[in-house]
1. What list of ³J(HN,Hα) couplings, whole Hz, do you get for segment 199-205 from phi and the Karplus terms 6.51, -1.76, 1.60, once you set θ to phi - 60° and write x for glycine and proline?
2. Of the accessible area of segment 191-269, with the probe set at 1.4 angstrom, what percent is carbon plus sulfur?
3. Ordering Asp121, Asp111, Asp223 from largest to smallest accessible area (1.4 angstrom probe), what's the sequence?
4. On C-alpha positions alone, give me the angle between the axis of helix 13-26 and the longest principal axis of the chain, in degrees, nearest 10.
5. Just how far, in whole angstrom, is segment 200-219 from segment 241-273 if you go by their alpha carbon centroids?
6. With every protein chain kept in the model, how would you rank Val65, Val227 by accessible area, 1.4 Å probe, largest at the top?
7. What are the residues whose amide H is under 5 Å from the amide H of Tyr7, where those residues sit 5 or more places off or on another chain and H is modelled from the backbone?
8. When the chain is modelled as a GNM with alpha-carbon springs shorter than 10 Å, which of Glu222, Glu152, Glu79 fluctuates the most?
Amino acid sequence: MKTTVYYFTGTGNSLWVSKGLAEQLSEKTGQSTDLCRGEAELIPIAEVMRSKNPVKCPKGAAGIVCPVYQGGIPLIVSEFIEKADLTLPDYIFIILTYGAYTASAEDLIYDQLKDAGRAPDYVNKIKMADNYLPIFTPPSGEKLDSLMKSAESELNIVAGDIAGRKKRIPESGIIADLVTKFMYGDLIRKGHVKDKKFHADENCNGCGTCAKVCPVENITIEDQKPVWHNNCEFCFACLHLCPKMAIQYKNSTKKKPRYKNPEINISDLMRKW
Ligand SMILES: Cc1cc2nc3c(=O)[nH]c(=O)nc-3n(C[C@H](O)[C@H](O)[C@H](O)COP(=O)(O)O)c2cc1C
Ligand code: SF4
Ligand code: SF4
């Protein structure tokens, strides 16, 4: 049985989860007859959304893996859900990666799929390093190792659930709904122009890495400096992956350590499209 994982990532956490799922869902085939494992394919949502072609998700299991943003999901993932034809998959799963608190992001994506005509069978989340640098300082050293270990345990459980075609429907409370309404409302209102608060400081050497890692081609290099074009997904990849730590968000990120998932190479985060 084929598994197709559609993913969106900025700093690699959601790619790490997607790769882990693909590995676990495609290995051990035949080990147990009641577990569905077979071929697995990873597809970047940003690449699919760039194309004008319709998206028809294939038969088998289909999943979406993405980060939580402001108690909701990246705008491009909502747009993907609207665009995708999800009638063929017989099992749909959603895995959200998050840092601190998901509010009712799980319910929100469940409802979006339901409104699109195909409610997911399984929705879950995996706690990872929080890459929202204006508020959080990402962990490093032993703290990061321990966070990655617990994320791996969560990933193993989730992969087992998916292989066993388990059902899980989210249920957040009223407070979580209110938090999402407030935080995600802000992301929707400001939309893709939230990049207005990014700038490159004097440490920028014009290397172009930020333009290459931007999943939605929102950055060009002009006169040896990045220029943002107001089509931002707010993933913070440009800021975290700049080798000179030259990209700042307002004045809140200067001197703060940057983050990239330790198991993911920067080359895996560079656009192939
Ligand atoms: C703009 C933005 C908003 C975020 N909002 C939340 C949030 O509301 N709750 C949370 O737990 N984590 C939040 N995070 C943290 C990410 O969800 C988390 O670090 C995620 O694993 C990053 O995934 P990625 O490495 O695949 O990009 C936010 C991150 C960003 C960049
Ligand atoms: S990655 Fe950093 S140093 Fe390189 S062009 Fe972008 S801002 Fe400048
Ligand atoms: S401009 Fe930066 S924050 Fe916005 S989508 Fe591109 S990489 Fe992500």
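The values are calculated or read from the model by the stated rules, or taken from the named source; none is laboratory data. A quick note: this is a predicted structure, and the numbers were derived from the prediction, not measured. These accessible areas exclude ligands, DNA and RNA; they are computed on the full protein's heavy atoms, side chains included. Shrake-Rupley method; radii C 1.70, N 1.55, O 1.52, S 1.80 Å.
1. The phi angles translate into 8, 9, 8, 5, 7, 5, 10 Hz.
2. 49
3. Result of the area sort, largest leading: Asp223, Asp111, Asp121.
4. The answer is roughly 30 degrees.
5. A separation of 10 Å, based on Cα centres.
6. Heavy-atom accessible area, descending, gives Val227, Val65.
7. Ile43, Ile45, Val65
8. In the Gaussian network model the winner is Glu222.
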